[in-house]
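Written out below as structure tokens is the structure these notes cover.
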Amino acid sequence: MDGVMLPAVGRIVTPDGVVNGTLVVEGDRFEGILEREGEPTGWVLPGFVDAHCHGGGGYSLANGDAESARGAAAFHASRGTTTLIASLVSQTHGFLMDATKALTPLVADGVLAGVHYEGPYISASKCGAHAKEVLRDPDIAELTELIEAGRLDGGASAVKMVTIAPELEGALEAIEFLDGRGVVPSIGHTDASYEETLAGIDAGAQAATHLFNAMRAFNHRDPGPIPALMNDERILSEVIADPVHLHPGAMRFAFDLSLPAWTLLVSDAMDAAGLDDGRYVLGRHEVEVKDGVATVAGTDTIAGSTITLLDAFRNAVRMGGQTVEAASQMASATPAELLGLRDVGAIEAGKYADAVVLDDDLNLVSVMRRGAWLQV
């Protein structure tokens, strides 16, 4: 690789620290790093890994359409997210089955990294922009059919994560079932008590879906799920790092307590990400975007975000007080670890050559995916 899209000497963020130099790529994999002397300019980060995304660039991931999903993946890749999970919102079982069957070939082809069901097994009182009429208690028979619908060659399933409220009837059994089949159970959209949350963690939950948002609020006499999730090393917590979802002080609190190894930045983006204000659709709801804030039309209920993971990364640095290295880990290595994705998330020999090049002010310069430069 001639390195024409890289700084002559860049600050390359690796698992072992920052190395001044340039990348060496062979085919679609990193071969190593060529260290160079001189004053470094710009940053070279591992490609971002978004574990929670509903769409972007005018394309939906939540509607279960394969061509739309390709468009969303291409949009986010052009903004540095080289690995993307398709998050579906609460729907009927038939819809989720059809969507899984439509998206699984994209996982097989490497366009997507998997499928996440953000519902329908969530609390009606904390459902946010999810349609209440399709919410229901966890059903292992349904989950079995969904996992099988996503079956890939080699035996793994395209289904990577399921958000569940642990207080629902049958939730603990469902969490244990998912954990035993290599699918990440994530606690979210929940009105659970502290004790109910701990029971979900003990049953096998591994993550928190957008920590703080759509959860019972913290109270010192009724602490609810938030401190249970933040204080347990078995849980990796999603954070939507934008000032719509979290006050910058809450971001700092989450980052400083959970630390980058236990925190993953997510976009929670819907199809309006990267576009102008207007009317859009998320699941069964019409969404109005005004001044970049997405809400269910006619209400003040937040309906996903309009940011990309690049925005979340910058916000973690500028608003959340994180170093570039810490924010990079939260945007790449930690989500890759949660999802069991061994070929992405870090710049090291043998992994896919996915990289994001930024200037000194964290402006996007270029994106490499699988060893090829993308148009940005």
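The values are calculated or read from the model by the stated rules, or taken from the named source; none is laboratory data. No experiment lies behind these values; they were computed from the predicted model shown. Glycine gets a Cβ as well: all are built from the backbone with ideal geometry, and neighbour counts include every protein chain shown. The accessibility values were calculated without ligands, DNA or RNA, using every heavy atom of the protein model including side chains. Shrake-Rupley method; radii C 1.70, N 1.55, O 1.52, S 1.80 Å.
Heavy-atom accessible area for Arg318, with the other protein chains in place and a 1.4 Å probe, reaches approximately 140 Å².
Which residues in region 167-196 have a backbone N closer than 17 Å to a point placed 7 Å from the Cα of Phe253 along the Cα-to-Cβ line? Within reach of a label on Phe253: 194.
Summarising the label geometry, the points placed 7 Å from Cα in the beta-carbon direction at Glu133 and Thr323 lie 5.3 nm from one another. Maximal additional length on extending the Arg70-Asn219 stretch stands at 49.4 nm, based on 0.36 nm per residue less the C-alpha distance.
Measuring between their Cα centroids, region 212-268 and region 337-376 lie 26 Å from each other. Remark: region 288-355 carries a charge dipole of roughly 80 debye about the Cα centre, counting +1 on each Lys and Arg Cβ and -1 on each Asp and Glu Cβ. Separation of region 301-327 and region 38-56, taken as the distance between their Cα centroids, equals 11 angstrom. Along the axis of the charge dipole computed for the chain (Cβ charges of +1 for Lys and Arg, -1 for Asp and Glu, origin at the Cα centre), the listed residues Val287, Ile187, Val134 are led at the positive end by Val287. The tail of the calculated P(r) for region 74-204, taken as Cα-Cα distances beyond 17 Å, holds 57 percent of the pairs. Once you reduce region 137-157 and region 62-80 to the center of their Cα atoms, the two points are 23 Å from each other.
Per residue of the chain, the DSSP helices (runs of n ≥ 4 H) give a summed -39500 (n - 2.57) that works out to -7500 deg cm²/dmol at 222 nm.
Sequence-distant contacts, meaning Cα pairs under 8 Å at least 6 residues apart, place the relative contact order of the chain at 21 percent.
Against the chain, whose longest principal axis is taken from its Cα atoms, helix 66-77 shows a tilt of about 50°. In loop segments of region 139-185 as defined by DSSP, the GluC sites (Glu not before Pro) with at most 13 further C-beta atoms inside 10 Å of their C-beta are Glu169. Spin-label model, Ala124/His93: points 7 Å from Cα along the beta carbon direction are separated by 1.9 nm. Relative to the longest principal axis of the Cα atoms of the chain, the long axis of helix 93-108 lies at roughly 20 degrees.
Placing a pseudo-label 7 Å from each Cα along the Cα-to-Cβ vector at Glu286 and Glu233 gives an inter-label distance of 5.1 nm.
Converting the Cα gyration tensor eigenvalues of region 1-120 into ellipsoid dimensions via √(5λ) gives semi-axes, longest first, of 36, 13, 12 Å. Relative contact order for region 145-266: 19 percent, from Cα pairs under 8 Å spaced at least 6 residues apart, divided by residue count. Between the helical axis of 140-149 and the longest alpha-carbon principal axis of the chain there is an angle of about 40 degrees.
A Förster radius of 25 Å combined with the Cβ-Cβ distance from Asp361 to Arg29 puts the calculated FRET efficiency at roughly 0.25.
For the chain, the share of DSSP beta bridges that are antiparallel, to the nearest 5, is 55%.
Placing +1 on the Cβ of every Lys and Arg and -1 on the Cβ of every Asp and Glu, with nothing else charged, gives the chain a dipole about its Cα centre of roughly 320 debye. Taking amide hydrogens as placed 1.01 Å from N in the peptide plane, the amide H of Leu236 sits under 5 Å from those of Ala207, Ala208, each at least 5 positions away in sequence or on another chain. The accessible surface of region 188-336, taken with every protein chain in place and a 1.4 Å probe, is 51 percent carbon and sulfur. Normalised size of the chain, defined as Cα radius of gyration per 2.2 N^0.38 Å with N residues, equals 0.93. Per residue, the chain exposes an accessible area of 38 Å² to a 1.4 Å probe, with every protein chain left in place. Averaging the sequence gap over all C-alpha pairs within less than 8 Å and six or more residues apart, then dividing by the number of residues, gives region 111-196 a relative contact order of 36 percent. Each eigenvalue of the Cα gyration tensor of region 1-56, multiplied by 5 and square-rooted, gives one semi-axis; in descending order these are 23, 14, 11 Å.
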